[in-house]
Structure formats: structure tokens, C-alpha cells
């Protein structure tokens, strides 16, 4: 069945909210989801990995052109496969202030396909749909050799593996939700996108940052 890619999904981890100044650079890591052998969602005429990369690079250029005090780092700038843990390590080594991962959802074709924009942050998935999204995105680790050891027995297909996210609470998580709401409102308003809301779910790439 052909599927249409219509929903932009951004997941991010907030390390710290700091004031951007010439003396203290703000480090932003932009992660284009999927890549290489991991194509992500399949559309009728496009693959998620390619859309994610184009959006991530365009977003990065926009930041670089307008915010010279922000240091932009990309997890990938070409069509390559990068393990989730390696993506997080790039952000950790850079001591990033903000980690943004760009993803795109797909839906079956309908006469009026849903379109819009949504943001996810790390946290407890309070709805089954949120858990389904996290499971789908985390399943990419099965493409990594020895992933059971790398992720300490985490099974992306088992709901029991996600219990840990119920106890993940921190000040940064609260700030992440606050910033997510600001991003959601801004993008939906300025880009005229349907508001699909801010959600929380257990994304491995965010847990590792």
C-alpha cells in the first residue's frame, strides 16, 4: 500500500536553558532521523530519511545565518546509517544545550490525509499512540550489531522495557515540555501547520543524551 508522508515530528532533549551571548555560545545539535540502510517511513514517492535530512540541513542553515552565536552540529549531513547511541554521544561530547531530532510520519492515503506538526520530548507515554511512535522509532536499534548489549537488554518491542521512563523526571524534562510548547505554537502559527500537539514518550536517543 502506498503511504503518504504528511506529518512532521520533532523530538528533542533539552540539556539546559542558557542565555545566548557572544561570550557563551549556545550549542545546538540537529539530528536528521534515520539514514543509510534505515529508510524510516516509506511514502509513495519519497523516503523519510531523505526528507529528514533536507529539513535538518535547511533548519541548520537558517540558524547559522540568523543566530551567529549558536554553534550548530549535525549528527549526519549525508545519507549514512548512524546508531542511536552514536547520535546521543555526538551531543554529549559537544556538551550540547539542545538536541533536536527531525522525523516524519506516514499515514495511509485518504481523501483528506491528516497534515500537521508535532513535538515529542522524553517522558512517560500517557497514550498508546505515543508508545507506538516510540516503539517504531526505537526499533531501528535492531539494525545494529550487538544492540542487546549496547542498550543493556532494552527490547524496543516490549512494553515492559518502557517502564523505566515512568521514573525519569528532572528539571530539564519540565523545561523541555515548556520549550516544546513554544516551538509547537511558533511553527504552527508562522508556517500555518495544523497543531498536532506536544507529547511525551520513551525515545532511546533522548534517554542516552
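Please treat every number below as a calculation from the coordinates, not as lab data. Keep in mind that what you see is a predicted model, and the values were worked out from it rather than measured. Using ideal geometry, Cβ is built from the backbone for each residue, glycine included, and neighbour counts are taken over all protein chains shown.
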* Asked: Of the listed peptides 70-78, 91-99, 187-195, 47-55, what is their order by residue-averaged count of other C-beta atoms within 10 Å, with the highest listed first?
  -> 47-55, 91-99, 70-78, 187-195
* To do: Return the distance in nm (one decimal) between the two label points of a simple spin-label model at residue 174 and residue 158, each offset 7 Å from Cα along Cα→Cβ.
  => 3.3 nm
* Tell me the label-point distance for the pair residue 42, residue 182, using the 7 Å Cα-to-Cβ offset, in nm and rounded to one decimal. => 4.1 nm
* How far apart, in nm, are two points set 7 Å out from the Cα along the Cα-to-Cβ line at residue 79 and at residue 67? -> 3.0 nm
* **Residues listed by number, region 185-209, amide nitrogen under 11 Å from residue 54 label point at 7 Å toward C-beta** => none
